[in-house]
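The values are calculated or read from the model by the stated rules, or taken from the named source; none is laboratory data. Just so it is clear, the structure is predicted and the values come from calculations on it, not from any experiment. Positions of Cβ are generated from backbone atoms using ideal geometry, with glycine treated the same way; all protein chains shown enter the neighbour counts. Ligands, DNA and RNA are stripped out before the accessible areas are found, and what is left, the full protein with its side chains, is counted by its heavy atoms. Shrake-Rupley method; radii C 1.70, N 1.55, O 1.52, S 1.80 Å.
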Amino acid sequence: MRSAKRKDLVLPPVYQSVKNLAQKQIATLISSLFDNTDDALFELADKSRSDHQQDMYFDSMRHIRLHRKTLEKNFLTQFAANFENLLTSADTLDVTSDDYALIDQDELEMSVAVSGIASKVTSIYSLAIMQLTKRFGSVIAPVPVTERLNPLGPHALSSAFAGAMSDLDVQIKIRIILMKLFERFVMERMGPVYEDVNAKFVQAGVL
């Protein structure tokens, strides 16, 4: 059960500052992702061995292009919600095996994709993510913060993008392709974002 937000928690200005800084940079990365989506799907369509597959890629390309702004908005809305959710405790429970029994196959594949991205990106930026998690924890203490709850961590960001696609009317294969593009054009390019946000915390005295 999720705990209520700590009403007595007074956040320092740096909390909103790092959110705004990161949001601006990540929005640019998300835009780059969608700028490259057409090329990625066109290449897959060109390599298709059947007309059916080719039509699927072209139809998906048009559908994503049509709903691009909504997808970007949905992602940034969830991004902001992750910062709000960080201010609650008891939100650290992982999904249990019994819960997985209630997840359909498509959702399970997306969950596996999120976990894969989180694992890979954490290994790339392990130190920066650890520092950032501890700094978030310092700012909102005594609310506990884990890397999974870190709003700029790979798990939270990947989950936000997966959630942004929840109403997208494309096959799961296309969703997984978009997750791979998210990994390539967003998560693997998070280094400068982590560096800038950590620096912003340091400037504010959050060591």
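Quick notes
- Among the residues of segment 53-75, the ones that are over 15 Å from Asp38 (Cα atoms) and surrounded by fewer than 16 Cβ atoms within 10 Å (Cβ to Cβ) come to 3 in all.
- Note on segment 130-159: among residues that are within 21 Å of Arg189 (Cα to Cα) and small (Gly, Ala, Ser), the one that is nearest to the chain's Cα centre (by Cα) is Ser158.
- Selected residue (criterion: surrounded by the most Cβ atoms within 10 Å (Cβ to Cβ)) from residues of segment 37-52 that are part of a helix (DSSP H, G or I) and charged (D, E, K, R): Asp38
- Cβ-Cβ distances below 6 Å connect the following pairs, each with a first residue in segment 133-150 that is polar (S, T, N, Q), a second residue that is loosely packed, with under 14 Cβ neighbours inside 10 Å, and a separation of six or more residues or different chains: Thr146/Thr92.
- Applying the criterion of at least 2 residues that are small (Gly, Ala, Ser), within 30 Å of Ala45 (Cα to Cα) and open to solvent by 10 Å² or more (accessible area, probe 1.4 Å) to the helices (runs of 4 or more DSSP H) found wholly in segment 114-207 leaves 154-164.
- Residues located in segment 26-64, provided they are under 20 Å from the mean Cα position of the chain (by Cα) and not small (Gly, Ala, Ser): Ile26, Thr28, Leu29, Ile30, Leu33, Phe34, Asp35, Asn36, Thr37, Ile64
- Contacts under 6 angstrom Cβ, first residue in segment 105-129 being under 16 Å from Leu178 (Cβ atoms) and charged (D, E, K, R), partner modelled with pLDDT under 95 and in a helix (DSSP H, G or I), 6 or more apart: Asp106/Ile172; Glu109/Ile172
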